[in-house]
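A.B. asks: Got a structure for you, questions after.
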Amino acid sequence: MLDDRRKDEFGLLAYYFNQAEHKLKHLALHDSLTGLPNRLLFQDRLQQAVAMAKRHDHKFAVFFMDLDNFKIINDTMGHEAGDELLKEVALRLAGTGRKMDTVARLGGDEFAFIINKVDGIEDAVSFARRLNQLLKTPITVNGHNINMGSSIGVTICPDDADNSEELLRNADIAMYQAKDNGRNTTCFFTREMNVRLQQNKEILTDLAESLLQGHFELYYQPLFTIDHKTLVGAEALIRWHHPEKGMIPPDKFIAVAEQSGLINELGDWVLAQACREIKTFVNVGIVDIKVAINISPVQFRRKDFLQHMLLILEQHDVSSNFIELEITEGAVMDNVDQAIDMMKALHDAGFQLAMDDFGTGYSSLSYLKRFPIQKVKIDRSFITDLENDDDSKSIATAIIQMSHSLGLDVLAEGVETEAQLQYLQGEKCDYVQGYYTGRPMPASQFIEKFRRAKDTSLANETAVSIITT
Ligand code: C2E
Ligand code: CA
Ligand code: CA
């Protein structure tokens with residue numbers, strides 16, 4: 001700073017110079033859209049907070065907040081509307097802290113807080129509640145009332161960490177956990193989250209390597225008509241043969257692949273492999289079946305999803321009529337109209353569509369009515385309890401009747417006992433899948449079990465063409 005106390009023109013010059021410098025500094029340390037401190041200033045304040053906490057032996061909390069579905073609003077209503085929304089959120093957030101606290105915008109739709117001198121987790125919980133409350137009132141942009149949700153991660157210094165980098169990372173990890181838990185929630189950092197993060201990183205590296213090395217296999221689980229007489233299809237279920245850890249079930253790695261986007265490559269491999277094996281099935285006489293493929297929401301939301309699938313089919317010379325796509329409600333509920341357009345296009349292109357794990361998500365009848373799907377798969381959790389739990393019985397029955405009234409077929413997943421099968425037969429369920437009628441098995445075993453002996457020799461000679469569209 002220059003000395004601007006002099007009463008001559010040098011003093012005046014110094015005054016203007018200092019003002020400009022002040023402005024520049026402010027610009028460098030604040031976000032231009034909202035006027036809140038930016039990431040740089042936040043980090044600086046965080047370091048100060050750590051030093052103060054050490055000196056005075058008190059605790060403070062770091063909050064990380066990410067708006068839910070901001071991207072969708074930005075994409076559908078335009079960037080200006082997005083900016084207006086961010087400004088309003090910032091205004092509300094700025095009013096929350098005490099003078100000694102810091103509210104910052106780290107970038108995009110990410111905000112962060114330093115809440116100084118908290119006595120413990122209870123103080124932090126009550127602040128998290130206030131944050132949630134703040135966004136409860138809808139925000140009006142361009143005449144639309146928008147309900148904003150947010151996912152919040154919290155970490156406490158020095159309980160969780162006593163340096164700024166680690167605190168920031170912890171709050172970020174906890175925020176991602178909150179997103180995973182279904183959005184609009186708050187999560188406190190725990191050490192287990194860190195351990196899980198490390199494990200997930202390891203899984204991801206191994207997955208990428210295994211994709212290159214071809215360590216995956218598809219198992220096929222037979223799908224039957226409810227009388228258990230006719231084989232109508234097979235669900236393709238991925239298996240990972242980890243070179244050191246042995247077989248790893250999909251529940252352990254699909255979520256990691258989804259978070260990282262690797263699920264796209266994995267999904268491509270699944271479809272390509274299914275195509276290769278469909279050809280083998282047909283060649284040995286298993287002709288009139290559909291192979292059901294699980295589609296991750298990440299794949300389904302891609303704009304070029306349909307073109308991409310068709311390209312793989314074309315490369316393998318297989319018709320879409322052989323494929324049933326299993327989609328979950330989670331994939332379609334984010335943007336229902338767009339999802340319906342995609343489903344229509346997929347169906348027009350020859351794919352069969354099934355709603356997977358039905359009953360566990362939104363299970364909304366009004367939406368089901370609008371979805372151009374052909375089949376509903378009742379989630380395994382209801383079938384498991386069929387024998388002992390009246391609620392499960394009435395849910396299964398309701399799903400069957402409701403689906404039939406909409407003209408949809410119904411398949412029950414996870415049928416393990418004769419009693420379960422009988423109940424479903426009585427309720428006129430259409431199809432069955434489960435350990436009782438057949439476990440998932442390698443393609444070779446599937447062929448052994450279901451090839452029609454009489455067709456085999458013939459099919460081998462005439463390598464059947466399976467292009468039908
Ligand atoms: P899902 O789509 O619900 O698949 C059915 C799961 O239930 C399979 O588990 C199957 O082995 C299991 N199952 C079938 N019948 C029974 C039964 O009678 N009793 C019991 N206890 N379980 C039964 P799996 O193969 O471990 O797959 C788990 C999940 O991983 C699948 O659930 C699906 O969501 C996902 N998944 C599997 N393969 C793929 C894939 O290629 N792509 C994607 N995106 N997800 C996949
Ligand atoms: Ca499935
Ligand atoms: Ca399922």
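Every read-out reported here was derived from the displayed coordinates using simple, explicitly stated rules and does not represent laboratory data. Here the structure is a predicted model, which is why all the values come from computation and not from measurement. Cβ placement follows ideal geometry from the backbone for every residue including glycine, while neighbour counts extend to all protein chains displayed.
A.B. asks: Could you line up Arg451, Arg276 from fewest to most neighbouring Cβ atoms inside 10 Å?
C.D. replies: Details: Arg451 17, Arg276 12.
Taking fewest neighbouring Cβ atoms as first place, the list is Arg276, Arg451.
A.B. asks: Where does the Debye-calculated log10 I(q)/I(0) of the range 213-467 sit at q = 0.12, 0.16 Å⁻¹, using only Cα point scatterers of equal weight, no solvent?
C.D. replies: After summing over all Cα pairs, the log10 values are -0.73, -1.31.
A.B. asks: While we're on this one: With contacts defined as alpha carbon pairs under 8 Å and 6 or more residues apart, what's the relative contact order of the range 218-306 in percent?
C.D. replies: Working: 93 pairs, mean separation 27.0, N = 89.
Relative contact order comes out at 30 percent.
A.B. asks: On to the next question. Taking R0 as 56 Å, what's the FRET efficiency between Asp317 and Arg191 from their Cβ-Cβ distance, rounded to 0.05?
C.D. replies: Numbers: r = 52 Å, r/R0 = 0.93.
The computed FRET efficiency comes out at 0.60.
A.B. asks: On average over all directions, what projected area in square nanometres does the range 127-249 have, based on the convex hull of its Cα atoms? Intermediate values should be presented prior to the final figure.
C.D. replies: Working: hull surface 58.7 nm².
The directionally averaged projection comes out at 14.7 nm².
A.B. asks: Antiparallel versus total DSSP beta bridges in the chain: what percent is that, nearest 5?
C.D. replies: Details: 41 of 65 bridges.
Approximately 65 percent, going by the DSSP bridge assignments.
A.B. asks: Taking R0 as 35 Å, what FRET efficiency do you get between Asn200 and Glu21 from their Cβ-Cβ distance, rounded to the nearest 0.05? Could the numbers behind the result be given before it?
C.D. replies: Values: r = 46 Å, r/R0 = 1.31.
Efficiency computed from Cβ-Cβ geometry: 0.15.
A.B. asks: About the Cα centre, and with charges only on the beta carbon of Lys, Arg (+1) and Asp, Glu (-1), how big is the dipole of the chain? Nearest 20 debye, please. Please list the in-between numbers first.
C.D. replies: Numbers: 49 positive and 69 negative charges, 169 e Å.
So the magnitude is around 820 debye.
A.B. asks: If you consider only alpha-carbon coordinates, what radius of gyration and Dmax does the chain have, in Å?
C.D. replies: 28.5, 109
A.B. asks: Sticking with this one: Taking the convex hull of the alpha carbon atoms in the range 216-261, what volume per residue do you get, in Å³?
C.D. replies: On the way: hull volume 4.7 nm³, N = 46.
Enclosed volume per residue, from the Cα hull, is 103 Å³.
A.B. asks: Using only the alpha-carbon atoms of the range 275-359, report the extent along each of the three principal axes, biggest first, to the nearest angstrom.
C.D. replies: Principal axes ranked by extent give 42, 28, 20 Å for the Cα atoms.
A.B. asks: Suppose each label sits 7 Å from its Cα in the direction of the beta carbon; what would the Arg439-Asp159 distance come out to in nanometres?
C.D. replies: Result: 4.5 nm between the two label points.
A.B. asks: So what's the back-of-envelope 222 nm ellipticity for the chain, counting only DSSP H runs of four-plus at -39500 (n - 2.57) apiece and dividing by all residues, rounded to 500?
C.D. replies: Values: 19 runs with 231 residues, N = 469.
Taken over the chain, the calculation gives -15500 deg cm²/dmol.
A.B. asks: If you don't mind, another one. Any idea how far apart Ala94 and Leu310 come out in nm if each label point goes 7 Å out from Cα toward Cβ?
C.D. replies: For Ala94 paired with Leu310, the spin-label model returns 5.1 nm.
A.B. asks: How high is the relative contact order of the chain, given as a whole-number percent (alpha carbon pairs under 8 Å, six or more residues apart)?
C.D. replies: On the way: 741 pairs, mean separation 52.4, N = 469.
Relative contact order, the chain: 11 percent.
A.B. asks: Here is a further query. Between the range 80-149 and the range 241-312, what's the alpha-carbon centroid distance in Å?
C.D. replies: Centre-to-centre distance over Cα atoms comes out at 40 Å.
A.B. asks: Of Thr185, Gln199, Asn163, whose Cα points farthest to the positive end of the dipole of the range 137-235 (charges on the beta-carbon: +1 Lys, Arg; -1 Asp, Glu; origin at the Cα centre)?
C.D. replies: Thr185
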